[in-house]
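First up is the structure itself, then whatever we jot down about it.
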Amino acid sequence: MIISIASGKGGTGKTTVATNMAVSLGSDVQLLDCDVEEPNAHLFMNPEIDKMETAYTLIPEIDEDKCTFCKKCAEICRFKAIAVVSKTVLTFPELCHSCGGCVVVCPENAVTEAKRELGVVEQGSSGKVKFVHGRLRVGEAMSPPLIKKVRSHIRPDIINIIDAPPGTSCPVIAAMKDTDFVLMVTEPTPFGLHDLTLGVEAVKLLNIPCGLVINRSDIGNKDVWDYAEKENLPILLEIPFDRRIAEAYSRGKMIVDEMPEWKDKFIELYNHIKNLVKREKN
Amino acid sequence: MKELVILSGKGGTGKTSLTAEFAAISDNRVLCDADVDAADLHLLMNPDIKQRTDFKGGGLAVINSDKCTECGLCIDLCRFDAIKDDFEVNEVECEGCGVCVDLCPEKAIDFPVKTCGEWYISDTRFGPMVHARLGIAEENSGKLVALVRQESRKLAEAKNMDMIITDGPPGVGCPVIASIGGSTSLLIVTEPTVSGIHDMKRVIELAGHFKVPAMVCVNKYDLNPKQTQAIEQMVRNMDVTFLGKIPFDPVFTKSMVQGKTIFEYDKESSTRQFVKNIWDGIMASPEMNQL
């Protein structure tokens, strides 16, 4: 089972839902924080990290002794990562998408591949909950390849909960695609609803079943309920605004730490998702 | 031309709300929404769109089945697993690198330029605004961010305005990097939470990396006054200007529901003074007034 938790808008409570659900389930569960630009789940789960690996992507390296300055590498590169200026080849590694076109097209075998650091992937556990996250190197622009590395740790035998980044573009797609269910966390405000609408469009494109959590459910207005009804999206949990939750969050405490009665609600949330996924598969 | 770019790292700290408030209390500037992925500023600005232009992103590989001999070279070459055994290109996976297009022995792959979104020049009750909408699941958000910023600059020059206020995206990746190059200063809006602090530090580090001066303010400060104090200390130790704080106030949500700023919605709100102090601090800061 793979559940991704997304939102469109940032700060609606993705990490809160992901961590509380993982901890409530307790065992046979893994949390994968794919918000690699700003990973926050570890601040609440305090995992013991037992394995850390640096993740790389490939960038071209030119052997100028072999190079005849034919410009084929610069011509194939759609990302302007290689330029040939008279008898010099300039590379711009930060623009490279690692497609490997320059390597294949060079008639002199003068292009080989070196590494650019994307960031790190750390693995560990918090109690019986397994934990993986990626941390993008500050200054690195491309998060999808690092998200893929985090996702390579998905285990088919247990429950995998993916904490996705905000937005609707490539990093979110990299986190949500090929998951069994997308849980969208929203808040009932105009910003929350607007970005939820975009997020749901992205989920539809990927053809994944989807349900909602409405966080701070007593602020704003009722438009999100109307939207959910119109789109036939099940509302699986409502979390009212509670200053105790907000204050606990500010200190890195989870809802289930502060108010243990919420544990059953998060387990129920998971069971609800499990049933929806089962129904979808039949 | 001065440009203030509003960032946070963490989403939901109040970037867009503050941008709108600043719009309400300033003049002679262009508003720019650079959060093209999940743009929200228009919900408060109610823009009257004057000019609408397609945003052309990169190419997308399309296999012409009449010419294709199913030799499989494209499948072997594609590093993004975008071509499956049925010789159909998966649009979501295709990175637009064009390697298959150039190397197909039958020249059977087309590479049409994709329209990835739209960008707009609008009038608002607070003056001109440049904004955009990136298509769902599209790449090239950095390119569109760079475009709306460049168009904001052109518009400001044409209208003889001396400043741009840019509402930035969350995170520290591609669209954020595209938001900060060449700007005058960053305003980082954080909140007194462990995640707010964690993410703020990474944006400060990014600002340092690209040598753009940053300033910090704390929103919802009274959710944890102790943590707010710690942020103030931490920021000063990093040699970053601390501009002040804003209380947690439901007036922001209430006015948002009405599509208004707090300056329009509630003339009595004491929170207005906190916002005003931060804006005055920005305008008087050495960061915004460097030559």
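Since every read-out is calculated from the coordinates, none of them should be taken as a lab result. The structure displayed is predicted, hence computed values, not measured ones. Because the Cβ atoms are built from the backbone with ideal geometry, glycine has one as well, and the counts that use them run over all protein chains shown.
Just a few scattered comments:
- Compactness of the stretch A:1-147 is given as radius of gyration and Dmax, 20.4, 63 Å, from Cα positions.
- Shielding by partners for peptide B:138-149, expressed as the average number of C-beta atoms from other protein chains within 10 Å of each residue's C-beta, is 2.
- For the protein assembly as shown, diffusion coefficient by Stokes-Einstein and Kirkwood Rh (Cα), 25 °C, 0.890 mPa s, µm²/s: 100
- Alpha-carbon Debye profile of the stretch B:171-273, log10 I(q)/I(0) at 0.10, 0.12, 0.15, 0.24 Å⁻¹: -0.33, -0.47, -0.70, -1.17
- Considering only chain B, percent of DSSP beta bridges that pair antiparallel, nearest 5: 45
- Counting, for every residue in A:165-178, the Cβ atoms of other protein chains within 10 Å of its Cβ and taking the mean gives 6.
- Cβ-Cβ distance of A:ASP65 and A:LYS115, R₀ of 35 Å, FRET efficiency by 1/(1 + (r/R0)^6): the value works out to about 0.95.
- The Rg/Rh ratio for the stretch A:178-268, using Cα coordinates for both the radius of gyration and the Kirkwood hydrodynamic radius, is 1.00.
- Alpha carbon Rg of the stretch B:61-111, scaled by the compact-globule rule 2.2 N^0.38 Å: 0.95
- For the protein assembly as shown, share of DSSP beta bridges that run antiparallel, in % to the nearest 5: 45
- The stretch A:64-109 shape via C-alpha gyration tensor axes, a/c threshold 1.5: oblate
- Cα-centre dipole for chain A with unit charges at Cβ (Lys and Arg positive, Asp and Glu negative), debye to 20: 400
- Antiparallel content of DSSP bridges confined to chain A, in %, to 5: 50
- For the stretch B:109-175 and the stretch A:214-282, distance of Cα centres in Å: 34
- Cysteines not pairable in chain B (beta carbon separation under 4.7 Å absent): B:CYS32, B:CYS68, B:CYS71, B:CYS78, B:CYS94, B:CYS104, B:CYS116, B:CYS174, B:CYS217
- Ordering of B:163-173, A:210-220, B:106-116 by packing [mean C-beta count within 10 Å, highest first]: B:163-173, A:210-220, B:106-116
- Here the protein assembly as shown is treated with +1 on each Lys and Arg Cβ and -1 on each Asp and Glu Cβ, and its dipole about the Cα centre works out to around 800 debye.
- When the Cα atoms of the stretch A:1-74 are aligned to their principal axes, the ranges along those axes come out at 62, 32, 24 Å in descending order.
- Residue separation of A:LYS204 and A:LYS278 scaled by 0.36 nm, minus their Cα-Cα distance, works out to 24.8 nm of gained length.
- Förster-model FRET efficiency, 25 Å R0, A:GLU238 and B:GLU93, C-beta, rounded to 0.05: 0.10
- 17 Å tail of the calculated P(r), the stretch B:226-269, as % of Cα pairs: 49
- Highest average packing first - A:184-192, A:54-62, B:234-242, Cβ atoms within 10 Å: A:184-192, A:54-62, B:234-242
- Top of A:VAL200, A:VAL17, A:VAL103 by mean-square fluctuation, Gaussian network on chain A, Cα under 10 Å: A:VAL103
- Inter-chain neighbour count for A:74-87: the average number of beta-carbon atoms from partner chains within 10 Å of each residue's beta-carbon is 2.
- Dimensions of chain A along the principal axes, based on C-alpha atoms and rounded to the nearest Å, stand at 70, 43, 40, largest first.
- Working value for chain B: equivalent-ellipsoid semi-axes of 41, 21, 17 Å, each the square root of 5 times a Cα gyration tensor eigenvalue, largest first.
- Gyration tensor verdict on the stretch B:94-156 (Cα atoms; rounded if a/c is under 1.5, prolate if a/b is larger than b/c, oblate otherwise): prolate
- Counting only Cβ charges, +1 for Lys and Arg and -1 for Asp and Glu, the dipole size of chain B around its Cα centre is about 1280 debye.
- Relative contact order of chain A: 27 percent, from C-alpha pairs under 8 Å at least 6 residues apart in sequence.
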